[in-house]
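Only one structure is covered here, and it is reproduced in the block below.
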Amino acid sequence: MAKLAFIGLGLMGTPMATRLLEAGHHVTVWNRTAGKTEPLTDRGATAAATPMEAVASVDAAITMVTNAAALEQVVFGENGVAAALAPGQLLIDMSTVGPDAVRSIASRLPDGVVVVDAPVRGSVPQASTGRLAVYVGADEDGFARVQPILAPLGTLHHVGELGAGAATKVVVNSTLGAAIAAFGEALALGDDFGLERSVVLDVLGDTPIASTVEAKRANVESGNYPANFKLSLALKDLNLVVQIAGRSGRRLDLAEASRDWLQQAAEAGAGDLDYSAVIPTITARTPPARS
Ligand code: NA7
């Protein structure tokens, strides 16, 4: 079993680090808000005082933080992992930050530190039960090294070289934005026709957005949107989609429209709720005009 550092114990990081620990890896954890290390140390993990301290003598450092700025902070900020990583050690970034951020980090680390991008599809239930899809960007050797480490988290897909995992994740999440916006707009339309909500939810369960309906129906029916995947993070991902497409000279209308809905919901205060909390923004009778 490997010696690991796990940095970033948010909604996803906590169950993922727990899985790695329960699989028998030796795990040292660090989180900006130190109190979140407690559930892990209770199960036998070691807590480090800084990211730099966490990675000393580990086989692999895993990062699972909000965005590119947070990744930059834990890698190159004060007491960041870059100060301690040595040739032969692995840095596995599992955050959703896009390929540019991953390649930039890799280019600034000492020669011999192997960087692998391995973002995941799935949210808290899949993270807790080892059913994530992990998109790995690495050369053959890097993939062979991360495979036994990450296997307890779910199914690994070797999708290409460094950056390909991060790119794949952006592609995947472009569909997530479109599906949740389509769900909200279908409900809004049903309301306008005067159809029963429960009937509309039943029939939408048999359409191309069925899996989204199944996953989020309880939230819609209860009006409660506890975060499995924060709306602010879905908005970050759709912004990545739009920006990356823009740099390639493209306009992706569906991505822009779903980004705009998420932006409106975030402005209405739903950023820390589940991303499905965009639905009440869409179904409101007098939504704010699109800019
Ligand atoms: P969460 O639950 O919002 O957790 C985010 C984590 O990132 C959490 O541990 C944060 O620490 C940490 N974070 C955020 N900013 C920083 C900075 N500046 N420095 C250090 N640590 C930071 O997100 P999820 O777990 O759902 O998702 C994580 C990633 O996977 C994200 O890219 C998603 O899009 C997919 P905190 O506890 O707030 O101190």
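Structural remarks
- Each Cα pair under 8 Å and six or more residues apart adds its separation to the average, and for the chain the resulting relative contact order is 14 percent.
- Taking other C-beta atoms within 10 Å as the exposure proxy, 282, 62, 180 rank 282, 180, 62 from fewest upward.
- For the range 168-283, the residue among 232, 207, 283 whose Cα projects farthest onto the positive side of the dipole built from Cβ charges is 232.
- As an equivalent ellipsoid, the chain spans semi-axes of 36, 20, 17 angstrom, where each value is the square root of five times an eigenvalue of the C-alpha gyration tensor, largest first.
- Span from the the range 232-291 Cα centroid across to the the range 145-206 one, whole angstrom: 14
- Debye, to nearest 20: dipole size of the range 3-162, +1 on Lys, Arg Cβ, -1 on Asp, Glu Cβ: 420
- Looking at the range 105-199, the DSSP beta bridges with both ends there are about 35 percent antiparallel.
- Remark: the range 186-242 carries a charge dipole of roughly 360 debye about the Cα centre, counting +1 on each Lys and Arg Cβ and -1 on each Asp and Glu Cβ.
- Across the range 3-162, the mean sequence separation of Cα contacts (distance under 8 Å, 6 or more residues apart), normalised by length, yields a relative contact order of 20 percent.
- Charge context of residue 246, other residues only, Cβ under 14 angstrom, K/R +1, D/E -1: +1
- Taking Cα centre as origin and charging only the Cβ of basic (Lys, Arg, +1) and acidic (Asp, Glu, -1) residues, the dipole magnitude of the chain rounds to 160 debye.
- GluC sites (Glu not before Pro) within the range 191-222: DSSP coil, no more than 16 neighbouring Cβ in 10 Å: 196
- Estimated from helical segments only, the mean residue ellipticity of the chain at 222 nm is -14500 deg cm²/dmol, where each DSSP H run of four or more residues counts as -39500 (n - 2.57).
- The relative contact order of the range 168-283 comes to 38 percent, based on Cα pairs under 8 Å that sit 6 or more residues apart.
- Tail beyond 17 Å, pair distance distribution of the range 168-283 (Cα, percent): 52
- Secondary structure note: in the chain, about 15% of the DSSP beta bridges are antiparallel.
- Kirkwood Rh, Cα atoms: Rg over Rh of the range 2-97: 0.92
We did not get these values from a lab; they are worked out from the coordinates using the rules stated. No experiment lies behind these values; they were computed from the predicted model shown. Quick reminder, even Gly has a Cβ in these numbers, built from the backbone with ideal geometry, and neighbours come from all protein chains shown.
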